[in-house]
Amino acid sequence: MAYRNSTETFGSVAKALHWAIAGCFVIAYTSVYYAIAYTVDGQVANDIAVQIHITTGIVTAGLILVRVYWRLSGIRPEVLVTNANLKIAAQISHAALYACMIVQPITGYLGTFRDADYLGVTNFGDTALFAWISTTFDISWEAWEAPMDFIHRSVLGSKLLWMLILVHVGAALMHHFVWRDGTLVRMLPRR
Ligand code: HEM
Ligand code: HEM
């Protein structure tokens, strides 16, 4: 399998990045919803689950940088639908997914005081940049954190991202089982 994309199919690098990030999303969602549903702040289980969430989020941030570079430096296979409206819908939903994959780790990082030092990542609240923002704009951590949390948790994490992922997976299944084109197959490993 070629490592670069062609006009017909995705190469191994694009596939590996797609599925690695999808895997990170599954772990990030499972761990944070476990923390919210079955634990309370201060419990060891809560700490572990949220740390898993933060770790997969930070790994996603690294992977998305590589993915965006790879996407911009190569070609993308042609979308396999002929209907112009569906083509535009695919482009918009892919762009929205890319935007969420970038914004979600950023707002997660900017909006939590939870420890991420074990990854060599200083909590944003403890950085010189936040100290500067805080004194220059006279803004407390609580006032700063609220809009970040709102975007991360209330807008994207619990709503928009869910919708986009459901539409995305639904479209992949429609391609495979209803329109019977090669869209899903060309994103699978080993093809
Ligand atoms: C793949 C990227 C990420 C996704 C998809 C994601 C998604 C989510 C979701 C769905 C929630 C719960 C929303 C709700 O309240 O219903 C959440 C909460 C949270 N996220 Fe993320 N997140 C990501 C990255 C990050 C990163 C990088 C950090 C921090 C560095 C972070 C820190 C947090 C924290 C602290 C919470 C609150 C957990 C609690 O309730 O104690 N997230 N995130
Ligand atoms: C079971 C889950 C998933 C399936 C079956 C799936 C399937 C696919 C398929 C078949 C494609 C190729 C579409 C085409 O050729 O036009 C694709 C592309 C894409 N997927 Fe997924 N996907 C899944 C999960 C995810 C997740 C969780 C995300 C991000 C949060 C995501 C983001 C994307 C993006 C941005 C593209 C466009 C790639 C590009 O054009 O560079 N996918 N997906």
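Nothing in this text is a laboratory measurement; each read-out follows from the coordinates by a stated rule. Nothing here was measured: the structure is a model prediction, and the numbers come from that model. Ideal geometry is used to build each Cβ from the backbone, glycine not excepted, and the neighbour counts take in all protein chains shown.
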Item to check | Residues T7, T107, sorted so that the one with the fewest Cβ neighbours within 10 Å comes first | outcome: T7, T107
Item to check | Percentage of interatomic Cα-Cα distances in region 67-177 larger than 23 Å | outcome: 48
Checklist entry - Tell me, in nm to one decimal, what length is gained between S154 and A45 on full extension, where the rule is 0.36 nm per residue of separation less the Cα-Cα distance? => result 36.9 nm
Next on the checklist: Name the residue from T127, T107, P147 whose Cα lies farthest towards the positive end of the charge dipole of the chain, charges +1 on Cβ of Lys and Arg and -1 on Cβ of Asp and Glu.
Outcome noted: T107
Item to check | Per-residue [θ]222 nm for the chain (sum of -39500 (n - 2.57) over DSSP H runs n ≥ 4, rounded to 500) | outcome: -20500 deg cm²/dmol
Item to check | More than 24 angstrom apart: percent of Cα pairs within the chain | outcome: 48
Next on the checklist: Counting other beta carbons within 10 Å of each residue's own, what order do D126, D149 fall into, fewest first?
Outcome noted: D126, D149
Item to check | Hz values of 3J(HN,Hα) by residue in region 4-21 - Karplus curve (6.51, -1.76, 1.60), Gly and Pro given as x | outcome: 9, 6, 10, 6, 9, 8, 7, x, 5, 5, 4, 5, 4, 5, 4, 6, 5, 5
Item to check | Residue order, fewest to most surrounding Cβ atoms within 10 angstrom, among T60, T55, T122 | outcome: T122, T55, T60
